[in-house]
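Scroll down for the structure; my scribbles are underneath it.
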Amino acid sequence: MGQQPSIPTDLSREVQVIGAGFSRTGTVSFALALEKLLKGPVCHSGTAILRREEAYVQKWITIQDTHASEDLIEENLRNLTAGYVATTDCPAIQFTGELLKLYPNAIVICTTRDKEGWWTSAQALMRNTGLWWLDIVFWPMPTLRYFGRWRDTIGMRLEKVYQTSRKNLDGPQLLEIHEDYVRRVVPAEKLFFFNVKDGWEPLCKILNCPVPDEPFPRANDGQAMQEFFENMVKAAVVRWEQMAVIGGACIAMSFWAWRMR
């Protein structure tokens, strides 16, 4: 989450790799590696959601709604991924089948890890994003004001694509449920699994490209997420304080003008 969102400049480029790994499986490191190997911008959708313009997050919210039609999903996905060479992380992973239909020449790489360790890490993410008061704190912040709706529609979409109730998604088995979904919507010859701990070689073998002469990127997703939320909450509190000062000044001036009449 500390990664700044990559914004494409050449909209003629198309998605070559659909990253289908769940959040907290090294998706930031994976995105950085793909940017190096594919020489283009990668849509780490978690980062993009929180740091790009409001119209971008609104499009994701629109297609995460369980009532969105197939045509609406396809149109918005085309716009959301235009110019990117790859996608990673949530919520893009919930549209793995739709993305493959949109980009039939792409391959799907699902980052993975041991489910118990993953669940420990995932719970920290859920604690950060599930705080009820974030919706209030983020209200005056551009883009982040849509955070609550974005989070809630992700939950709706998860139940739909996994074909199960939300109560069954609370535990380490969620990783297996997700990977079963990926296997269900992706032909076996198009699907690869990859652990970022294994470094460049297996990834470069999948992509049939040379191994870079540099260390594999190692981004601490959990620490970056924690720092991001702390910084955003601080910024939001400052915005609320500014609004309070301005509001107080307006009230004081209005009262003074009334007294002077």
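The values are calculated or read from the model by the stated rules, or taken from the named source; none is laboratory data. Since the model is a prediction, treat every value here as computed from it, not as a measurement. Neighbour counts are summed over all protein chains in view; Cβ atoms, including those assigned to glycine, are modelled from backbone coordinates with ideal geometry. Heavy atoms of the whole protein, side chains included, go into the accessibility calculation; ligands, DNA and RNA do not. Shrake-Rupley method; radii C 1.70, N 1.55, O 1.52, S 1.80 Å.
Given the structure, is Thr66 over 23 Å from Asp10 (Cα atoms) and either in contact (Cβ under 8 Å) with a residue 40 or more places away in the chain or more than 16 Å from the chain's Cα centre (by Cα) (or both)?
Spelling it out, Thr66 is indeed over 23 Å from Asp10 (Cα atoms) and either in contact (Cβ under 8 Å) with a residue 40 or more places away in the chain or more than 16 Å from the chain's Cα centre (by Cα) (or both).
Rundown of residues vs (1) in contact with a strand residue (DSSP E or B) (Cβ under 7 Å, 6 or more places away or on another chain); (2) closer than 17 Å to Phe216 by Cα, yes/no style:
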{"position": "Arg13", "(1), (2)": "no, no"}
{"position": "Thr25", "(1), (2)": "yes, yes"}
{"position": "Ala33", "(1), (2)": "no, yes"}
{"position": "Ala55", "(1), (2)": "no, no"}
{"position": "Ile63", "(1), (2)": "no, no"}
Next on the checklist: Looking at the stretch 154-168 only, could you name the residues that are in a helix (DSSP H, G or I), touching a residue at least 12 places away in the same chain (Cβ under 8 Å) and open to solvent by less than 40 Å² (accessible area, probe 1.4 Å)?
Outcome noted: Ile154, Arg157, Leu158, Val161, Tyr162
Checklist entry - Is there a residue in the stretch 101-115 that is in contact with a Leu (Cβ under 8 Å, 6 or more places away or on another chain) and either without any contact (Cβ under 8 Å) to a residue 60 or more places away in the chain or assigned to a helix (DSSP H, G or I) (or both)? => result yes
Item to check | Subset of the stretch 169-191 (residues that are surrounded by fewer than 17 Cβ atoms within 10 Å (Cβ to Cβ) and either within 18 Å of the chain's Cα centre (by Cα) or outside any helix (DSSP H, G or I) (or both)) | outcome: Asp170, Gly171, Pro172, Pro187
Item to check | Verdict on Trp200 being farther than 22 Å from Ala48 by Cβ and touching a residue at least 24 places away in the same chain (Cβ under 8 Å) | outcome: yes
Checklist entry - Picking from Trp118, Trp132, which residue would you name as being of a type outside the set (Gly, Ala, Ser) and modelled with pLDDT of 90 or more? => result Trp118
Checklist outcome for this item: The one condition Ile18 fails out of (1) under 24 Å from Arg183 (Cβ atoms); (2) among the aliphatic types (A, V, I, L, M); (3) assigned to a loop (DSSP other than H, G, I, E, B) is (3)
Next on the checklist: Taking the conditions exactly as written (aromatic (Phe, Trp, Tyr), within 17 Å of Arg157 (Cα to Cα) and open to solvent by less than 40 Å² (accessible area, probe 1.4 Å)), does Phe95 satisfy them or not?
Outcome noted: yes
Next on the checklist: Checking the condition of a type in the set (S, T, N, Q) and farther than 30 Å from Pro210 by Cα, which residue from Thr88, Thr62, Thr9, Thr27 passes?
Outcome noted: Thr62
Checklist entry - If you check Tyr146 against the conditions, is it surrounded by 18 or more Cβ atoms within 10 Å (Cβ to Cβ), modelled with pLDDT of 95 or more and hydroxyl-bearing (Ser, Thr, Tyr)? => result no
Checklist entry - Of all residues in the stretch 51-89, how many are over 23 Å from Lys160 (Cα atoms) and part of a helix (DSSP H, G or I)? => result 3
Item to check | Subset of the stretch 27-85 (residues that are hydrophobic (A, V, I, L, M, F, W, C), crowded, with 24+ Cβ neighbours inside 10 Å and touching an Asp or Glu at 6+ places or on another chain (Cβ under 6 Å)) | outcome: Val28, Val42
